[in-house]
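The values are calculated or read from the model by the stated rules, or taken from the named source; none is laboratory data. All figures in this text were calculated on a predicted structure; none of them were measured in a lab. All Cβ positions, glycine included, derive from the backbone under ideal geometry; neighbour counts span all protein chains shown.
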Ligand SMILES: Cc1cc2nc3c(=O)[nH]c(=O)nc-3n(C[C@H](O)[C@H](O)[C@H](O)COP(=O)(O)OP(=O)(O)OC[C@H]3O[C@@H](n4cnc5c(N)ncnc54)[C@H](O)[C@@H]3O)c2cc1C
């Protein structure tokens, strides 16, 4: 949609904008020069036009914004990094609470905890921590928002050593739709803290997270590459290695994608955070044709190594299957799916959920996939709208091929808007479903924050 075809600001949105501007907050309305750029989120498939995009500076601004949008009868959407593939960081006609001005990262004096603004990107967290020899486990593309990532789980290079990002949330400042500012670490908000650990958004606006920080170990990182024709055998050997011999400190992420020449390849990316000896065993298992290994690498550089592959602007449809194990049939399905991949830059990522990922008890966090050991993510990314149908159908078929019974878990952070399995994941255990329902009823009884990780086909808000 071109900027000049956008409707003029609705009177209700104009009121909110007048307040925002009177207090010096950046605010874009339809027709404003900045609106066309800011209305887009990462995934260009979601072409929406909010009635206003406002960027608060702190919890007090967020509180005022929520109350004013509510009085004006406008729906609300929270935007962290704007990366959710389902487009939950924007909406048609609603007010976007854009947290882009809230990116401060403040490690505590003793280095054990870190306060992170609700709109920080992963690279902000690494920039503040790594030079001090500290780390919080996050994800693998540095422009992703910590807000959505942490609330949905957070799988990255340190998942085996330190668990999910959400496992490391020790507290949070949250502005509820009522305007109340609460602290999720306090005993009276223990259930809210549990829900924020992987239960998704939709409870309130997290203006600041507090994470447990850990010492950053020396890292050996790299990529082992094979042509697609050798991928099935290599994946089988790799899965055997992961089952028998993978230390917590080593996280391996095989990625099937096209190389710069357009040839399909298997690229086994890995990060050994203090487990150098395991790298040689990994290489022996994979038997790569090419290898690029960096001993004692700069972790921050590795954290950015996938950025180019996922650079905007792209249309995207992602769909994943999380399972307790992967077998030969899965390997065959994955390789066949890469052979049939559509135009653009599609990829298939296998995630290994191990070590510290399983240290958090099933009841200690709302994250629903604790029984999984592997995730397989079919990520279709393409440029032209005319390829929409083929790309979307490819990702869906990939999941159907590795999960013919339809029993696998989804992952709230990767799920497209129409994936009803997200709701099923949360509903599977009655105690989780009931606890989430109670937290939602206490925090956002009127479902003011309706667009979030659990929105796709949810049976509860
Ligand atoms: C290129 C790319 C790479 C990715 N890599 C990884 C990865 O390595 N590991 C992984 O686990 N995931 C990964 N993801 C998935 C990512 O974690 C999710 O898409 C995540 O939800 C993005 O967070 P965001 O803040 O950028 O998203 P947004 O679209 O801004 O937000 C999504 C939803 O999160 C909620 N939300 C966000 N911030 C807040 C806040 N401060 N307070 C309250 N609610 C909030 C809102 O409900 C919002 O609707 C990746 C996604 C992309 C596009």
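Suppose we filter 267, 230, 253, 261 for residues that are more than 14 Å from residue 349 (Cβ to Cβ) and touching a residue at least 24 places away in the same chain (Cβ under 8 Å); which single one remains? Sole residue among the options that is more than 14 Å from residue 349 (Cβ to Cβ) and touching a residue at least 24 places away in the same chain (Cβ under 8 Å): 230. Entry remark, the range 392-412: residues being within 30 Å of residue 192 (Cβ to Cβ) and out of contact with any strand residue (DSSP E or B) (no Cβ under 9 Å at 6 or more places or on another chain) number 1 in total.
All conditions in (1) within 25 Å of residue 167 (Cβ to Cβ); (2) touching a helix residue (DSSP H, G or I) at 6+ places or on another chain (Cβ under 7 Å); (3) at pLDDT below 95 hold for residue 360, with the sole exception of (3). Within the range 317-337, residues that are over 16 Å from residue 411 (Cβ atoms) sit with their Cβ atoms under 7 Å from residues that are in a loop (DSSP other than H, G, I, E, B), at 6+ positions apart or across chains, in these pairs: 325/373.
When 73, 93 are checked against the criterion of being in contact with a helix residue (DSSP H, G or I) (Cβ under 7 Å, 6 or more places away or on another chain) and not in a strand (DSSP E or B), 73 stands alone in meeting it.
Can you say whether residue 184 is buried (at least 24 other Cβ atoms within 10 Å of the Cβ) and under 30 Å from residue 73 (Cβ atoms), as far as the supplied structure shows? So residue 184 passes the test.
Restricting the range 47-89 to residues that are crowded, with 24+ Cβ neighbours inside 10 Å and within 16 Å of residue 22 (Cβ to Cβ) leaves a set whose member that is farthest from the ligand (Cβ to nearest atom) is 52. Residues that are away from the ligand (no atom under 16 Å from the Cβ), under 22 Å from the mean Cα position of the chain (by Cα), surrounded by 19 or more Cβ atoms within 10 Å (Cβ to Cβ) and more than 28 Å from residue 48 (Cβ to Cβ) do occur in the range 428-440. Against the condition away from the ligand (no atom under 11 Å from the Cβ), more than 15 Å from residue 251 (Cβ to Cβ), part of a loop (DSSP other than H, G, I, E, B) and at pLDDT below 95, how does residue 185 come out, does it pass? Answer is yes for this residue. Pull out all pairs, ordered by first then second residue, where Cβ-Cβ is under 9 Å, the residues are six or more apart or on different chains, the first lies in the range 59-71 and is over 15 Å from residue 14 (Cβ atoms), and the second is in a helix (DSSP H, G or I). Note: pairs meeting the criteria are 61/20; 61/101; 62/99; 64/19; 64/20. Restricting the first member to the range 444-455 and to residues that are under 15 Å from residue 180 (Cα atoms) and in contact (Cβ under 8 Å) with a residue 40 or more places away in the chain, and the second to residues that are part of a loop (DSSP other than H, G, I, E, B) and within 8 Å of the ligand (Cβ to nearest atom), the beta-carbon pairs closer than 8 Å and six or more apart or on different chains are 444/202; 444/203; 444/204; 449/201; 449/202; 449/203; 449/204. From the set of residues in the range 96-107 that are touching a residue at least 60 places away in the same chain (Cβ under 8 Å) and part of a strand (DSSP E or B), which is nearest to residue 450 (Cα to Cα)? Applying the filter and picking the extreme gives 97.
Conditions (1) within 19 Å of the chain's Cα centre (by Cα); (2) more than 15 Å from residue 256 (Cβ to Cβ); (3) more than 12 Å from the ligand (Cβ to nearest atom), marked per residue:
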residue: 312; (1), (2), (3): yes, yes, no
residue: 329; (1), (2), (3): no, yes, yes
residue: 336; (1), (2), (3): no, no, yes
residue: 344; (1), (2), (3): no, no, yes
residue: 351; (1), (2), (3): yes, no, no
residue: 359; (1), (2), (3): no, yes, yes
residue: 362; (1), (2), (3): no, yes, yes
residue: 370; (1), (2), (3): yes, yes, yes
residue: 373; (1), (2), (3): yes, yes, yes
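Does residue 405 count as surrounded by fewer than 18 Cβ atoms within 10 Å (Cβ to Cβ), out of contact with any helix residue (DSSP H, G or I) (no Cβ under 6 Å at 6 or more places or on another chain) and in a helix (DSSP H, G or I)? Criteria not met by residue 405.
Checked against the criteria, residue 171 counts as surrounded by fewer than 23 Cβ atoms within 10 Å (Cβ to Cβ) and either closer than 22 Å to residue 444 by Cβ or more than 12 Å from the ligand (Cβ to nearest atom) (or both). Annotation for the range 400-409: at least one member residue is within 14 Å of the ligand (Cβ to nearest atom), touching a residue at least 60 places away in the same chain (Cβ under 8 Å) and closer than 16 Å to residue 350 by Cα.
Screening residue 422 against (1) over 17 Å from the mean Cα position of the chain (by Cα); (2) within 16 Å of the ligand (Cβ to nearest atom); (3) assigned to a helix (DSSP H, G or I) leaves a single unmet condition, (1).
Listed here are the helices (runs of 4 or more DSSP H) enclosed by the range 108-168 that have at least 3 residues being more than 13 Å from the ligand (Cβ to nearest atom), under 11 Å from the mean Cα position of the chain (by Cα) and buried (at least 24 other Cβ atoms within 10 Å of the Cβ), and there are none. Restricting attention to the range 343-364, does a residue exist that is assigned to a loop (DSSP other than H, G, I, E, B) and crowded, with 22+ Cβ neighbours inside 10 Å? Yes: one or more hits.
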